[in-house]
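Participant: Once you've had a glance at the structure underneath, I'll fire off some questions.
The values are calculated or read from the model by the stated rules, or taken from the named source; none is laboratory data. This structure is a prediction, so every number in the text was calculated from the model and none was measured. We place every Cβ from the backbone using ideal geometry, glycine too, and count neighbours over all the protein chains shown. Just so you know, the surface numbers come from the protein's heavy atoms only, side chains and all, with ligands and any DNA or RNA stripped out. Shrake-Rupley method; radii C 1.70, N 1.55, O 1.52, S 1.80 Å.
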Amino acid sequence: MTITTRLYTFFNGKLVGIDPFGNRYYMEKRSAKNRRQKRWVIYKGTAEPSKVPAEWHGWLHYTLDAPPTERHITHYAWEKPHLPNLTGTKGAYVPPGHLLRGAHRDPTTADYEAWRP
């Protein structure tokens, strides 16, 4: 976060809530005439937009009027918890047969076999 963002947040921001990742969500204390109220997030640690959960994403992008702290959110048993993008980390998905998993996979009927006369 830059010093400008920190100062703007201190003087003009109103804390709306904090998500499970520790990201802090703000909105303007006073909005200008004929304009929507600005909304922004201050990330905990590295600025990684994929760390924003769906309920906060909807509020940040003006899809929802009320932030998740002011409304009831129903979570279903089939829903998985939100995870940030793990590409490039040790937690990234690597399918069977990938070079990082030893490049060994079970043979299939689609394997190519050269013709020999």
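Participant: Any idea how far apart Asp106 and Tyr62 come out in nm if each label point goes 7 Å out from Cα toward Cβ?
Facilitator: 5.2 nm
Participant: Another question, then. Size of the dipole of the range 9-117 about the Cα centre, Lys and Arg at +1 and Asp and Glu at -1 on the beta carbon, nothing else charged, in debye to 20?
Facilitator: For this selection, approximately 760 debye.
Participant: Take the residue pairs Lys14/Lys44; Lys51/Lys90; Lys38/Lys80; Lys51/Lys80 and return only those whose Cα atoms are more than 20 Å apart.
Facilitator: Too far apart for the 20 Å limit: Lys38/Lys80.
Participant: Short version: what are the Cα gyration tensor semi-axes of the chain, square root of 5 times each eigenvalue, largest first, in whole Å?
Facilitator: So the three semi-axes of the chain are 46, 18, 13 Å.
Participant: Around Gly22, under 11 Å between beta carbons, what's the net of Lys plus Arg minus Asp minus Glu among the other residues?
Facilitator: +2
Participant: Mean separation of Cα pairs under 8 Å and 6+ residues apart, divided by the residue count of the chain: what relative contact order is that in percent?
Facilitator: RCO, the chain: 15 percent.
Participant: Report, by chain and number, residues whose modeled amide H sits under 5 Å from the one on Leu64, excluding near sequence neighbours (fewer than 5 apart, same chain).
Facilitator: Trp59
Participant: When the accessible area of the chain is computed with all protein chains present and a 1.4 Å probe, what percentage of it is carbon and sulfur?
Facilitator: 57 percent
Participant: Next up: Answer with one residue from Pro49, Thr89, Met27: the one whose Cα lies farthest towards the positive end of the charge dipole of the chain, charges on Cβ with Lys, Arg +1 and Asp, Glu -1.
Facilitator: Of the options given, the answer is Met27.
Participant: Is the C-alpha gyration tensor of the range 48-96 telling us rounded, prolate or oblate? Criteria: a/c under 1.5 is rounded; beyond that, a/b larger than b/c is prolate, otherwise oblate.
Facilitator: Oblate shape, in that a/c is at least 1.5 and b/c is the bigger or equal ratio.
Participant: Let me ask you something else. What value, in deg cm²/dmol to 500, does the helix sum -39500 (n - 2.57) over DSSP H runs of n ≥ 4 give at 222 nm once divided by the residues of the chain?
Facilitator: My calculation for the chain gives -4000 deg cm²/dmol from helical runs alone.
Participant: Give me the angle, in degrees from 0 to 90, between the Cα long axis of helix 3-12 and the longest principal axis of the Cα atoms of the chain, rounded to the nearest 10.
Facilitator: So the helix axis and the longest Cα principal axis differ by about 50 degrees.
Participant: OK, next. Suppose we keep just the alpha-carbon trace of the range 1-51; what are its Rg and Dmax in angstrom?
Facilitator: 11.6, 34
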